[in-house]
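The values are calculated or read from the model by the stated rules, or taken from the named source; none is laboratory data. This one's a predicted model, so the numbers in the text were calculated from it and none came from an experiment. As a convention, Cβ positions derive from the backbone with ideal geometry for all residues, glycine included, and neighbour counts pool all protein chains shown.
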Amino acid sequence: MSDPILIVGGGLAGLTAAHRLRRAGVAFRLLEARNRLGGRILSVDASGVAAADGFDLGPSWFWPGTQPALNALVCDLGLAAFPQNSAGDIVVHRMSREAPQRYRLSTQQAPQSMRLAGGSGALISALAADLPADSIRLGARVTHVTRDAQGIEVKFTTASGSEETMRVSYVLFAVPPRLLEATVTFSPALDAATAERWRATPTWMAPHAKVFALYEKPFWREAGLSGTAQSMAGPLVEIHDATTASGQAALFGFFGVPAEQRAAIGETALVTAAIQQLVRLFGPQAASPSGTLFKDWAADPLTATPADRLGGGPPTATGQAWVSDAWRDCVSLAGSETADFEPGYLAGAVDAAERAVADMMSRAAVAR
């Protein structure tokens with residue numbers, strides 16, 4: 001197989017693919033549209049800047065006992081993990097006219113949710129550190145892929161707005177299928193069934209928004225609370241202790257407000273309402289956070305399409321081929337949503353990337 005192989009997308013799936021190719025001694029290039037690596041993994045400090053000991057604005061948890069490939073990668077990279085705090089009562093608020101209620105769980109959560117020391121971004125940093133710096137290009141947004149007699153030509157726009165082209169032998173698209181279908185033009189065109197399948201695949205996290213309230217200490221623990229709450233009164237529907245491994249105290253929650261309504265309400269009003277809700281659930285000490293963080297993934301054009309703003313759960317594995325016959329020998333989909341195991345999740349990103357690389361390598365071996 002001629003050099004280079006191109007990976008499009010620098011999230012966990014793309015970097016896992018790059019990691020596997022480098023270990024196999026296969027040359028590659030990686031293009032990432034953002035000005036950072038990580039995709040939907042984004043661990044930031046109190047000021048919202050990507051940090052080595054951060055709060056996870058994207059995915060937070062993994063489950064070693066049921067996600068062996070992801071756990072193997074975590075161990076291979078030498079990353080430390082710690083359990084999600086679950087000690088103490090949970091709070092349930094069923095309706096606004098009733099007071100929140102405390103409940104003590106009779107058993108510990110099984111399987112135990114784990115988090116990475118430093119946030120999920122520790123995965124990204126560790127994978128990137130093992131790759132040649134000149135193999136990765138940020139701010140490069142792929143727009144066209146053309147197959148002709150000479151091979152594959154990829155067009156992309158740079159951070160400065162200029163357009164460049166690259167000749168490649170194979171493309172691993174480590175991005176959500178729906179986003180890929182909406183933003184990249186294929187020539188020859190995708191067949192209708194393939195395009196429709198990509199469009200119909202929900203992008204996990206894309207409809208959601210998270211808010212963090214940062215505190216000097218995890219005061220809820222002193223009150224015998226775990227930091228976990230469920231609410232049907234809103235605006236947050238699910239809340240958890242987000243205190244970091246180093247002890248930076250925080251609570252985070254997912255909004256139950258649909259994306260279009262969030263856009264109309266605005267960040268300031270949403271955060272204010274969320275803090276007021278935390279006071280109702282955890283007491284007056286929640287009223288004065290040292291800071292807040294907010295991320296609406298539905299408003300991120302490098303994650304969500306207009307279709308994602310309508311909501312939707314995680315994608316489901318179907319076993320169907322993701323790429324049509326016209327492109328199958330030179331294109332693979334490696335984004336988490338295409339995984340056979342836990343699509344959409346961190347484990348799905350690792351599964352999809354490893355499957356795509358293995359498939360590409362087997363095709364190369366057959367070609368030789």
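Among the candidates Ala189, Ala250, Ala193, single out the residue that is out of contact with any Phe, Trp or Tyr (no Cβ under 7 Å at 6 or more places or on another chain), among the small types (Gly, Ala, Ser) and not in a loop (DSSP other than H, G, I, E, B).
After ruling out the rest, the residue left standing is Ala193.
Can you tell me which residue in segment 31-59 is nearest to Pro207 (Cα to Cα), limited to those that are touching an Asp or Glu at 6+ places or on another chain (Cβ under 7 Å) and in a loop (DSSP other than H, G, I, E, B)? Steps first, answer last, please.
The initial filter retains those residues of segment 31-59 that are touching an Asp or Glu at 6+ places or on another chain (Cβ under 7 Å), namely 43, 51, 54.
Those left that are additionally in a loop (DSSP other than H, G, I, E, B): 51, 54.
On the way: Ala51: 25, Gly54: 22 Å.
Step by step, filter segment 31-59, then rank; the result is Gly54.
Could you list, in sequence order, the residues of segment 75-126 that are of a type in the set (Val, Ile, Thr) and in a loop (DSSP other than H, G, I, E, B)?
So the first thing to find is which residues in segment 75-126 are of a type in the set (Val, Ile, Thr), and the list is 90-92, 107, 124.
The one that is of a type in the set (Val, Ile, Thr) and in a loop (DSSP other than H, G, I, E, B): Thr107.
With the structure loaded, tell me whether Gly313 is assigned to a loop (DSSP other than H, G, I, E, B), of a type outside the set (Val, Ile, Thr) and surrounded by fewer than 13 Cβ atoms within 10 Å (Cβ to Cβ) or whether it fails that test. Lay out the reasoning, then the answer.
Numbers: assigned to a loop (DSSP other than H, G, I, E, B): yes; of a type outside the set (Val, Ile, Thr): yes; surrounded by fewer than 13 Cβ atoms within 10 Å (Cβ to Cβ): yes.
So Gly313 fits the description; yes.
Identify, please: which residue in segment 154-198 is without any contact (Cβ under 8 Å) to a residue 40 or more places away in the chain and within 19 Å of Ser135 (Cβ to Cβ) and is, among those, surrounded by the fewest Cβ atoms within 10 Å (Cβ to Cβ)?
Only one residue fits best here, namely Thr165.
The conditions are (1) among the hydroxyl-bearing types (Ser, Thr, Tyr); (2) within 19 Å of the chain's Cα centre (by Cα); (3) assigned to a strand (DSSP E or B), and Thr244 fails exactly one of them. Which is it?
Of the numbered conditions (1) among the hydroxyl-bearing types (Ser, Thr, Tyr); (2) within 19 Å of the chain's Cα centre (by Cα); (3) assigned to a strand (DSSP E or B), the odd one out for Thr244 is (3).
Here is a list of conditions, (1) in contact with an Asp or Glu (Cβ under 7 Å, 6 or more places away or on another chain); (2) modelled with pLDDT under 85; (3) within 24 Å of Ala182 (Cα to Cα), and Gly311 meets all of them except one; can you say which number that is?
(1)
Please go through segment 216-241 and pick out each residue that is buried (at least 20 other Cβ atoms within 10 Å of the Cβ) and part of a strand (DSSP E or B).
Selection gives Leu225, Ser226, Gly227, Thr228, Ala229, Ser231, Leu236, Ile239, His240, Asp241.
Considering only segment 325-332, I want to know if a residue exists there that is polar (S, T, N, Q), free of Cβ contacts under 8 Å to residues at least 12 places away in the same chain and within 24 Å of Arg22 (Cβ to Cβ).
Taking segment 325-332 as the starting set, the residues that turn out to be polar (S, T, N, Q) are 332.
Adding the requirement that they be free of Cβ contacts under 8 Å to residues at least 12 places away in the same chain leaves none.
No - not one qualifying residue is present in segment 325-332.
Kindly evaluate Ala233 against the criterion of being touching a strand residue (DSSP E or B) at 6+ places or on another chain (Cβ under 8 Å), modelled with pLDDT under 95 and among the hydrophobic types (A, V, I, L, M, F, W, C). Let's see the steps before the verdict.
Working: touching a strand residue (DSSP E or B) at 6+ places or on another chain (Cβ under 8 Å): yes; modelled with pLDDT under 95: yes; among the hydrophobic types (A, V, I, L, M, F, W, C): yes.
So Ala233 passes the test.
So, in segment 301-310, exactly how many residues are in a loop (DSSP other than H, G, I, E, B) and closer than 18 Å to Tyr345 by Cβ?
So in segment 301-310, the residues in a loop (DSSP other than H, G, I, E, B) come out as 301-305.
Adding the requirement that they be closer than 18 Å to Tyr345 by Cβ leaves 303-304.
Total satisfying the criteria: 2.
Among Phe294, Phe282, which is aromatic (Phe, Trp, Tyr), modelled with pLDDT of 95 or more and more than 16 Å from the chain's Cα centre (by Cα)? Spell out how you get there, then give the answer.
Details: Phe294 fails: more than 16 Å from the chain's Cα centre (by Cα).
Criteria check complete, one pass: Phe282.
Do you know which residues across segment 60-74 are touching a residue at least 24 places away in the same chain (Cβ under 8 Å) and either buried (at least 21 other Cβ atoms within 10 Å of the Cβ) or part of a helix (DSSP H, G or I) (or both)?
Within segment 60-74, the subset touching a residue at least 24 places away in the same chain (Cβ under 8 Å) is 60-67, 69-70, 73-74.
Within segment 60-74, Ser60, Phe62, Gln67, Ala69, Leu70, Leu73, Val74 meet the criteria.
Tell me whether segment 82-100 contains one or more residues that are in contact with a Lys or Arg (Cβ under 7 Å, 6 or more places away or on another chain), under 20 Å from Ala122 (Cβ atoms) and surrounded by fewer than 18 Cβ atoms within 10 Å (Cβ to Cβ).
yes
Of all residues being aliphatic (A, V, I, L, M) and in a helix (DSSP H, G or I) in segment 127-143, which is modelled with the lowest pLDDT? Just the residue, please. Before you say what the answer is, go through the steps one by one.
Step one: list which residues in segment 127-143 are aliphatic (A, V, I, L, M), which gives 127-129, 131, 133, 136, 138, 140, 142.
Checking which are in a helix (DSSP H, G or I) leaves us with 127-129, 133.
Details: Leu127: 98, Ala128: 97, Ala129: 96, Ala133: 91.
For segment 127-143, the residue satisfying everything is Ala133.
Tell me yes or no: at least one residue of segment 21-28 is surrounded by fewer than 22 Cβ atoms within 10 Å (Cβ to Cβ), under 14 Å from the mean Cα position of the chain (by Cα) and under 27 Å from Ser169 (Cβ atoms).
Within segment 21-28 (the criterion being surrounded by fewer than 22 Cβ atoms within 10 Å (Cβ to Cβ), under 14 Å from the mean Cα position of the chain (by Cα) and under 27 Å from Ser169 (Cβ atoms)), the answer is no, since none of the residues qualifies.
Checking the conditions here, which among Arg167, Arg115 is basic (Lys, Arg) and either at pLDDT below 95 or within 26 Å of Val26 (Cβ to Cβ) (or both)?
Working: Arg115 fails: either at pLDDT below 95 or within 26 Å of Val26 (Cβ to Cβ) (or both).
That would be Arg167, the only listed residue that is basic (Lys, Arg) and either at pLDDT below 95 or within 26 Å of Val26 (Cβ to Cβ) (or both).
Does Leu15 count as assigned to a strand (DSSP E or B), closer than 16 Å to Asp130 by Cβ and either acidic (Asp, Glu) or modelled with pLDDT of 95 or more (or both)?
Numbers: assigned to a strand (DSSP E or B): no; closer than 16 Å to Asp130 by Cβ: yes; either acidic (Asp, Glu) or modelled with pLDDT of 95 or more (or both): yes.
Judged against the criteria, Leu15 is not a match.
Matching residues to (1) modelled with pLDDT of 95 or more; (2) at positive phi:
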site: Gln276; (1), (2): yes, no
site: Ser290; (1), (2): yes, no
site: Ala299; (1), (2): yes, no
site: Ala326; (1), (2): no, no
site: Val331; (1), (2): yes, no
site: Gly344; (1), (2): no, yes
site: Met361; (1), (2): no, no
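Residues that are in contact with a His (Cβ under 8 Å, 6 or more places away or on another chain), closer than 21 Å to Pro176 by Cα, assigned to a helix (DSSP H, G or I) and in contact (Cβ under 8 Å) with a residue 60 or more places away in the chain: does segment 269-288 have at least one?
no
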